Amino acid sequence: MKRHMNKEVSFFNVSIHRILPKDKSALDQARIHLLYYGLILGFFSTLVLLFYVKPDQQPLLMLTDQFFALTLVVLFKYLTWKADWRAISHALLLLFTAVNLSSIYIVLQNVNAVTMQFVILVIGFSFYMLGQKWGIIYSALNIIPAITFLVIDYERGYITSLKPEKIDPSIFVITLVINFILIVLIHNHFYTAFVKNIRQLKRNTDEQTKLNVQLEAAMQKAEKSSQAKTEFLSTMSHEIRTPLNAVIGMGNLLVMNNPRDDQKENLEILKFSANNLLAIVNDVLDFNKIEAGRISFEKIRFNLVELMQNICGAQIIRAREKNLTFKLEIYPQLQNKIVVGDPTRITQVIYNLISNAIKFTERGNVWLRVRKLEESRGNFIVNFVVKDTGIGIEKDNLELIFEPFAQESVSTTRKYGGTGLGLAIVKRLLELQGINMKVTSQPGEGSQFSFNMEFPVIHEKVKEEVVPAAQVPAEVPAVLKTESLGNISVLIAEDNPVNVMLMKKLFSKWKLTPVFAENGAIAVERVKYGNFDIVLMDLQMPVMDGLEATSEIRKLSDPVKANVPIIALTASALFDIKERVAAAGINDYVSKPFKPDELKEKMFHLALAV
């Protein structure tokens, strides 16, 4: 490969500084230096020799010297113009080899000190300039002929019709001196380059060590920062969800008290606003969980059509409130199909897409179309399409809308609100499953979001079998259809006075009078000396938190008390909260703000199991 330096170097340039590869290694720079000064030295040396060569007595030597001088001038000019040191090195080595062979077999017909110097020059020059392969080749081209000549001359004498030329002792001495200078010049340049490389290597090693230390420190800092971020989000989640729990809970209690129509309207606005705030908090936490790689996908059975209908139930009401027509189109081939997948994540994706479609559509229609594309080996490929007649998206902004905390424009954010996380969450959730979403949009006419998802199909018609164990069975016990939970004895470990008030009011609706403990240590004492059918345990409490309190309860000597069912009530957003709850021996957990029916259902099942 040719290594030209600067293409703008003039043909008439003679300066070495214009051709030095400053971005190259010390070895390459040494090669350029050696050629530059070596060619100058060689040229002037041949001029000196011309004064001592006698044309009438030494015609071949004169011719060789002149050719050598001319060749050195041409190579020097080529070096200072193109700086192709590799090609010049080959040319010089071929020249040296030719001169050496002609000197041995034609001009001098002898192997003397000068000849051996030429061989040494070729060996050093070829290895340093062109590397091992060419070094061996050029060394062999010079050593083998010289040894062959010595063997022939020793065995039977070298005989040729050409008469050898005799050189003057002064020429012999001058040539010896020049060759010694060249040999020293070669080794000096490359020894200098070798030392520079060693020093550079040491500097690089020291810098690399320093960078590794800095990188390790940066990684530790990033890890601490990530941990701090997680802890901050958990704390903020707890601090936001705790008052939200009271707001939503009190709102639910007021709705249960048969309010007047005007009160009911105000309560619905309150509930809507609180749920919106909760949705924003959940979006931020979900996105953080996705970015941290803490998302896992379940594989459970569910009815795809029923899931779509459930997702669209509340959305249809929202669409009607904006005077929009909502259309749910599910192809007949999907009816009564039980598939395997993660209904929670599918709900999150479809819900976000439909919510966006309704939000950004002022008039017209919103569609959700679900159809089977193909079936192979018991698997369905299902196509989901969410379409609207909304404001649309500019072509240049189609990628931007999937960036976190971003919407198409500032005016869009001001007019429609939102965190800009909905589509980012959708895209990340699909990408984690190896799914790409297609978007087509026309400003002022609407947008269409579509993706394909593959599902294993289990049964054709088994509605009763697909209800997860944690949900209410087909025949709901009578106790859940009424406000009473019977004579269940409940201990509630809760330190927040507002939540305590909320729980008292809620449980009075269920005809229960719970016992309260303001921290984990008191909760352990209450269980130790009391009799409870179930314990509701807040996880973040002073003195002793809920996880530690549960561990202490599980260590009690009385097996009945040690195995009392415990439900965690948590506003935490820690990624591994489910695993931590299970590891502590807690039977189940409910996230704050909780739905009264969900808590009631779990309490009933755990108390009934005992």
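The values are calculated or read from the model by the stated rules, or taken from the named source; none is laboratory data. Worth saying up front: this structure is predicted, and the values here are computed from it rather than measured. Here Cβ is always computed from backbone atoms with ideal geometry, including for glycine, and neighbour counts include all displayed protein chains.
For region 237-252, indicate whether the set of residues that are surrounded by 15 or more Cβ atoms within 10 Å (Cβ to Cβ), farther than 21 Å from Met503 by Cβ and modelled with pLDDT under 70 is non-empty. Looking through region 237-252, none of the residues is surrounded by 15 or more Cβ atoms within 10 Å (Cβ to Cβ), farther than 21 Å from Met503 by Cβ and modelled with pLDDT under 70. Any residue at all in region 103-125 that's closer than 27 Å to His189 by Cα, in contact with a His (Cβ under 8 Å, 6 or more places away or on another chain) and in contact (Cβ under 8 Å) with a residue 24 or more places away in the chain? For region 103-125, residues closer than 27 Å to His189 by Cα, in contact with a His (Cβ under 8 Å, 6 or more places away or on another chain) and in contact (Cβ under 8 Å) with a residue 24 or more places away in the chain: present. Residues in region 83-96 that are assigned to a helix (DSSP H, G or I) and buried (at least 20 other Cβ atoms within 10 Å of the Cβ): Trp85, Ile88, Ser89, Leu92, Leu93, Phe96. In this structure, is Leu70 exposed (fewer than 13 other Cβ atoms within 10 Å of the Cβ) and under 15 Å from Phe96 (Cα atoms)? So Leu70 fits the description; yes. Residues in region 281-325 that are at pLDDT 85 or above and assigned to a loop (DSSP other than H, G, I, E, B): Lys299, Lys322, Asn323, Leu324.
When region 130-145 is filtered for residues that are surrounded by 15 or more Cβ atoms within 10 Å (Cβ to Cβ) and at pLDDT below 90, nothing remains. Return yes when Glu548 is surrounded by fewer than 22 Cβ atoms within 10 Å (Cβ to Cβ), free of Cβ contacts under 8 Å to residues at least 24 places away in the same chain and of a type in the set (D, E, K, R) and no when it is not. So Glu548 does not fit the description; no.
Remark: Ile534 matches the filter, which requires a residue to be farther than 23 Å from Ile248 by Cα, crowded, with 22+ Cβ neighbours inside 10 Å and in contact (Cβ under 8 Å) with a residue 60 or more places away in the chain. Being at positive phi and either hydroxyl-bearing (Ser, Thr, Tyr) or in contact with a Phe, Trp or Tyr (Cβ under 8 Å, 6 or more places away or on another chain) (or both), is that true of even one residue in region 95-113? So far as region 95-113 goes, yes, one or more of its residues are at positive phi and either hydroxyl-bearing (Ser, Thr, Tyr) or in contact with a Phe, Trp or Tyr (Cβ under 8 Å, 6 or more places away or on another chain) (or both). Of everything in region 253-280 that is among the polar types (S, T, N, Q) and in a helix (DSSP H, G or I), the residue that is modelled with the lowest pLDDT is Asn276.
Table: residues versus (1) in the same structural domain as Val457 (by TED's automatic domain parsing); (2) in a strand (DSSP E or B); (3) modelled with pLDDT of 90 or more; (4) among the β-branched types (Val, Ile, Thr).
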{"position": "Thr344", "(1), (2), (3), (4)": "yes, no, no, yes"}
{"position": "Gln348", "(1), (2), (3), (4)": "yes, no, no, no"}
{"position": "Tyr351", "(1), (2), (3), (4)": "yes, no, no, no"}
{"position": "Glu362", "(1), (2), (3), (4)": "yes, no, no, no"}
{"position": "Val366", "(1), (2), (3), (4)": "yes, yes, yes, yes"}
{"position": "Lys372", "(1), (2), (3), (4)": "yes, yes, no, no"}
{"position": "Glu375", "(1), (2), (3), (4)": "yes, yes, no, no"}
